[in-house]
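**Q** This is the structure, below, for whatever I ask next.
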Amino acid sequence: MIAFERRYGGLWCPASGPNRVEYGLDGDTRVYWTAQGWAFYGIVDDDWTWGVEVLLDGRAGMTLADKPLRILNRSVDQRLEAHALFLTVRHWPHLMLELAIPSGMIPVLAGADLPPPVDEASGPADLWWFDGTSAVHLHLNNWWAKDHEIWVARCFSQDATALDRIKASLLNEMTELLQLGEVWCSLCGRHATSGRPCS
């Protein structure tokens, strides 16, 4: 905990909305046992308005309501890399799709016509592909349903006319069920039609 506080204490990053993500113990020095091992609260994620738990091996996750701790990041550094990449592309033209997959599974892409993967930003709840002008981000959005989880797939491009091509590449790779209809775009702060560019 001391090493965590020395390295990350006081760090903060903008979140999707008006709030921010804050790193540090903030005076709370309790350590407690979880099914994943010993943990402490070290991050406040105001996108979720919820505390993020840091395990002693560096992984990070959340315990929501009556659900067990879910590991979201393989390390704090991976969490920061994913967030930094998100901040890089968040104002680019984008579209979103929702995927419903079996609980506990990570979406699998065969890997053909997408930008290169970004391993340092990818973890159990964030998968990234990025080439400097376009990006694909798969993010675990809901893990508390009984038989499936909802992942959000976001396609980004500096050139809005390329979004349909990126979406087609993503759809060619996906084997999971895509949910149609409206999705909440946290980037725009409103509902958007699934698979269509946000305007």
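**Q** Residue 81: net charge of surrounding residues, Cβ under 12 Å, Lys/Arg +1, Asp/Glu -1, itself excluded?
**A** Numbers: positive: 74, 79; negative: 77, 119, 120, 126.
Local net charge: -2.
**Q** Something else: Taking the Cα of residue 108, stepping 7 Å toward and past its beta carbon, and measuring to each backbone N in region 158-175: which are under 13 Å?
**A** Under cut-off, by backbone N: 174-175.
**Q** Report the per residue volume, in Å³, of the convex hull enclosing the C-alpha atoms of region 1-73.
**A** Numbers: hull volume 6.7 nm³, N = 73.
Enclosed volume per residue, from the Cα hull, is 92 Å³.
**Q** Taking the Cα centre of each part, how many Å lie between region 4-31 and region 125-199?
**A** Centre-to-centre distance over Cα atoms comes out at 28 Å.
**Q** Starting from the Kirkwood radius over alpha-carbon pairs of region 129-199, derive D by Stokes-Einstein at 4 °C in a medium of 1.567 mPa s and give it in µm² s⁻¹.
**A** This corresponds to a translational diffusion coefficient of 98 µm²/s.
**Q** OK, next. Can you bin region 80-197 into rounded, prolate or oblate? Criterion: square roots of the alpha carbon gyration tensor eigenvalues sorted a ≥ b ≥ c, rounded for a/c under 1.5, prolate for a/b above b/c, oblate for the rest.
**A** Rounded is the answer for region 80-197, as its axis ratio a/c remains below 1.5.
**Q** Hey, another quick one. Please work out the average accessible area per residue across region 89-199, using the 1.4 Å probe convention, and give it in Å². Can you show the working numbers first?
**A** Details: 5390 Å² over 111 residues.
Per residue, region 89-199 has an accessible area of 49 Å².
**Q** Let me ask something else about it. Rounded to the nearest whole Å³, what is the per residue volume of the convex hull around the Cα atoms of the chain?
**A** Working: hull volume 24.2 nm³, N = 199.
Output value, Cα hull per residue: 121 Å³.
**Q** Would you rank 155, 188 by solvent-accessible area, highest first, keeping every protein chain in place and using a 1.4 Å probe?
**A** Details: 155 0, 188 55 Å².
Descending order: 188, 155.
**Q** At a 1.4 Å probe radius, carbon and sulfur cover how many percent of the accessible area of the chain? The partial results should precede the final answer.
**A** Values: 5490 of 10140 Å².
That fraction is 54 percent.
**Q** Looking at the chain as a GNM with Cα springs under 10 Å, which of 27, 51, 37 has the largest mean-square fluctuation?
**A** Among 27, 51, 37, the largest GNM mean-square fluctuation belongs to 27.
**Q** Out of region 130-172, which trypsin sites (Lys or Arg not before Pro) are coil in DSSP terms and have no more than 16 other C-beta atoms within 10 Å?
**A** Details: sites: 146, 154, 165, 167; in loops: 146.
Here the trypsin sites (Lys or Arg not before Pro) that fit, given the DSSP loop and packing criteria, are 146.
**Q** Quick one: order 74, 20, 30 from most to least accessible surface, probe 1.4 Å. Numbers along the way, then the final one.
**A** Values: 74 110, 20 90, 30 140 Å².
Heavy-atom accessible area, descending, gives 30, 74, 20.
**Q** Now for a different question. How large is the dipole of region 80-197 about the Cα centre if only Lys and Arg carry +1 and Asp and Glu carry -1, each at its Cβ, rounded to the nearest 20 debye?
**A** Its charge dipole is roughly 400 debye.
**Q** Counting Lys and Arg as +1 and Asp and Glu as -1, each charge on the Cβ, what is the dipole of the chain about the Cα centre in debye, to the nearest 20? Kindly include the intermediate steps, with their values, before the conclusion.
**A** Details: 16 positive and 25 negative charges, 35 e Å.
With Lys and Arg at +1 and Asp and Glu at -1, about 160 debye.
**Q** So what are the ³J(HN,Hα) numbers for region 136-146, from phi and the Karplus equation (6.51, -1.76, 1.60; θ = phi - 60°), rounded to whole Hz, Gly and Pro as x?
**A** Along region 136-146, the couplings run 10, 10, 9, 10, 5, 10, 8, 10, 10, 6, 5 Hz.
The values are calculated or read from the model by the stated rules, or taken from the named source; none is laboratory data. Being a predicted model, the structure only gives us computed values, none of them experimental. We place every Cβ from the backbone using ideal geometry, glycine too, and count neighbours over all the protein chains shown. Only protein heavy atoms, including side chains, enter the accessible area calculation; ligands, DNA and RNA are left aside. Shrake-Rupley method; radii C 1.70, N 1.55, O 1.52, S 1.80 Å.
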